[in-house]
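Step one of this worksheet: look at the structure below.
Readers should treat all values here as calculations from the given coordinates under stated rules, not as data from a laboratory. These numbers were taken from a predicted model, which means no experiment stands behind them. Here the Cβ positions follow ideal geometry from the backbone for every residue, glycine too, while neighbour counts run over all protein chains shown.
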Amino acid sequence: MLKDTVSKQPKRWLHAPDPPYDFTQALSDLGPVLAKILYNRGLTTPVLARQFLSDDVVAYDPFLMKDMAKAVARIRNAIRRKEPIVVYGDFDADGVTSTALLIQTLKALGGQIEPYIPDRIDEGYGLNTLALQKLAAKGIKLVVTVDCGIRSVEEVKAANATGLDIIITDHHSVGDVIPPALAVLNPKQVDCKYPEDMLAGVGIAYKLATALIIVARQQDRNAPNLSSEDLLDLVALGTVADLAPLDRIENRSMVKLGLVELARARRPGIYALMDISKVKPEKVSATSIGFALGPRINAAGRLENALIAYQLLMTSDLTEATRLAQELQEINTRRQDYTAESYRIAKDLAQQDGGIDNLIFAADVSFRPGIVGLVAGKLTEEYYRPSVVIQIGEEESHGSCRSTPEFHITNALDECADLLVQHGGHAQAAGFTIRNENIPAFKERLQGLAAHELIHHDLRPSISIDAEAEMIDLTLMLAENIRKLEPMGTDNPEPIFMTRRLRVMESRRVGNDGSHLKLRLSDGPLTMDAIAFRFGDWYSHLPPYIDVLYNLQINEWNGRITPQMNVVDLRPSER
């Protein structure tokens, strides 16, 4: 049985190896700490490391992507013939930004465009046959998907039967069969030669937009009043919000440039969203996208209709943008409340369910379809187990999965495909629709797969330590050097340092509910401030000496600029 004690286990602290001497010497101007961080992020040659830190723009030719020329030709043909085009998106931040980006591009090129973002509850994720048939009945001849469609084989067949041409742009894992669309843009296809296979959905939409702009400028008398750079704010939003890896050079380049565009806040909707989120445009970062902007965009599709977020990104009127941003703020507050309550219920269900050692499974009628992914993520984060959370409907139910690196959840769903209506996702996050009568068999099979795969793994969460440091090493210069790693996020996290045996000089609980700790730590000659979020429970039994894992950050307060520890984990010192 899954027990509360699972979540109380101390995390494994894993030390990264030291790089070769020659590597450190070649990067001596950066210092040994930054050199070690770069090496242990897979940048194992000085050339790769310097390329990673460089401001040079890396943008691969969009026509290297399989079917790109075919997609561009069909879209241009539709524009010339004045055929109405539908951009069929997804209801998350990646899908919404992709939809806005492609519609902005096609409008600038003279296209007759309309968006279609499905309802999460009524239509579910991905292409919907009934929706496509209704579009065909309206006279639509061309549908371009963004951030969805790669697993929609039967839906594309049905669309083809109505006379619809389908162009799929998607970044999710491909199945055994590629849908029979007119063109399929997804660099994960085995025969696609595009150099980067980990773009977000908005990244692939951006490559299509870039290709369209290139051809229009080459062949059309009137060049579009739009540059690909104008779209990068949307690319940054969607890429970071969808947790696309930021250790990949092209993702990194696009997000870097996109942050510059976001700082200008030229879109009224983005300006209003930053204002309601208390994000200063000049301070916008991947972190503020991940924790402030992205969740508010996502909230619309989780609880209401994602068209609210789409309208926010597309409006040119600041008054309307302010109204829509306030609406998203209110929806996001409700989303937080629903998530907390559903998490409590899911946790209770998991505790009551006997015999689950390797996988958490919680299903309930009270869950909301837009919340189950968040709840699964919180369960996986706390217990370090793959988690499946299902909102039970009348006949069909919708579920979401989150997993650990040891268990590829989409591959596991593939093994259960005969029990599912549809499914898709990535290695550590996926979603599905299932008939209610199949839920017991699905649960049993998933548990068996998890038991087989995870039996030899140490199922404790681990923290990778980038470097061990003495307090004398923790200078403002080092903190500034760390900023060279920006944008930081998925697969390029903020570096974690370790310092041993620090004396707790001062400690106090902070925050409205006292859930955080403010510390003053010392190694003897030196002292430093530290903030430990969610460590308030340690206050009453904090030992006199602790080992600390932390991010080194810069604290600006009352005109003073000092380095500060943002504590990730701590433990009593052994000596």
Distance in nm between Lys518 and Leu53 label points, each 7 Å along Cα→Cβ, equals 3.5
Label model pair Lys11, Leu64: point-to-point distance (7 angstrom along the Cα→beta-carbon line) in nm is 3.5
In degrees, nearest 10, the alpha-carbon axis of helix 68-80 is tilted away from the dominant principal axis of the alpha carbons of the chain by 50
One finds the C-alpha centres of region 89-134 and region 265-302 to be spaced, in Å, by 21
Phi-derived 3J(HN,Hα) across region 278-293 with the Karplus relation (6.51, -1.76, 1.60, θ = phi - 60°), rounded Hz, x for Gly and Pro, is 6, 10, 6, x, 6, 10, 4, 8, 4, 5, 5, 5, x, 10, 10, 6
Between Tyr194 and residues 5 or more places away or on another chain, the pairs with built amide H atoms under 5 Å apart involve Lys66
Candidate cut points under trypsin sites (Lys or Arg not before Pro) in region 226-326, DSSP loop plus at most 10 other Cβ atoms within 10 Å of their own Cβ, are Lys278
Taking 0.36 nm per residue of separation between Asn558 and Asp537 and subtracting their Cα-Cα distance, the length gained on full extension comes to 4.6 nm
Set Lys256/Lys278; Lys107/Lys484; Lys278/Lys518, cut-off 28 Å on Cα-Cα distance; pairs above it are Lys107/Lys484
When Met314, Met477, Met254 are ranked with the fewest other C-beta atoms within 10 Å first, the list becomes Met477, Met314, Met254
Output for region 315-423: GluC sites (Glu not before Pro) sitting in coil per DSSP, at most 13 other Cβ within 10 Å, listed by number, reads Glu394, Glu395, Glu415
Going from the fewest other Cβ atoms within 10 Å to the most, one would list Met198, Met505 as Met505, Met198
With R₀ set to 25 angstrom, the calculated FRET efficiency between the beta-carbons of Gln329 and Asp122, to the nearest 0.05, is 0.50
Summing +1 per Lys or Arg and -1 per Asp or Glu among the other residues with Cβ less than 10 Å from Ile140's Cβ gives 0
Region 488-559 and region 56-80 have their Cα centres apart by a whole-number Å value of 49
In the chain the DSSP beta bridges are antiparallel at a rate, in percent to nearest 5, of 60
In degrees rounded to 10, the 0-90 angle between helix 93-108 Cα long axis and the longest Cα principal axis of the chain is 40
Which residues qualify? For Ile85, with a placed amide H closer than 5 Å and at least 5 residues away or on another chain, they are Gln112, Ile113, Glu114
Contour minus Cα-Cα span, Lys107 to Asp275, at 0.36 nm per residue, comes to 57.7 nm
Going fewest to most other Cβ atoms within 10 Å around each Cβ, Ser540, Ser462 line up as Ser540, Ser462
Note, region 122-128: 3J(HN,Hα) by Karplus (6.51, -1.76, 1.60, θ = phi - 60°), whole Hz, Gly/Pro = x, goes 6, 10, x, 6, x, 5, 10
For the chain, the longest principal axis of the Cα atoms and the Cα long axis of helix 372-383 enclose an angle in degrees, to the nearest 10, of 20
Percent antiparallel among DSSP beta bridges confined to region 353-454, nearest 5, equals 75
Within region 477-575, the percent of DSSP beta bridges that are antiparallel, given to the nearest 5, stands at 95
With -39,500 (n - 2.57) per DSSP H segment of 4 or more residues and division by the full residue count of the chain, the 222 nm estimate, nearest 500 deg cm²/dmol, is -12000 deg cm²/dmol
Expected sort for 121-127, 101-107, 433-439 on mean C-beta neighbours within 10 Å, highest first, is 101-107, 121-127, 433-439
The ratio Rg/Rh over the Cα atoms of region 62-228, Rh being the Kirkwood inverse mean 1/r radius, stands at 0.93
Labelled set (1) 1.34; (2) 1.00; (3) 1.56; Cα Rg over 2.2 N^0.38 Å computed from this model equals the value at (2)
Restricting to aspartates and glutamates and to Cα separations under 16 Å from Lys378, and discarding same-chain partners fewer than 8 apart, the set is Asp4, Asp337, Glu341, Asp348
As straight-line cross-link partners of Lys134, the qualifying aspartates and glutamates (C-alpha separation under 17 Å, not fewer than 8 residues apart within one chain) are Glu83, Glu114, Asp119, Asp122, Glu123, Glu154, Glu155, Asp165
Karplus ³J(HN,Hα) for region 315-330 (6.51 cos²θ - 1.76 cosθ + 1.60, θ = phi - 60°; Hz, whole; x = Gly/Pro) runs 5, 9, 10, 5, 5, 5, 4, 5, 5, 5, 5, 5, 5, 5, 4, 5
log10 I(q)/I(0) for region 353-454, Debye formula on C-alpha points only (no solvent), q = 0.15, 0.18 Å⁻¹, two decimals, reads -0.50, -0.74
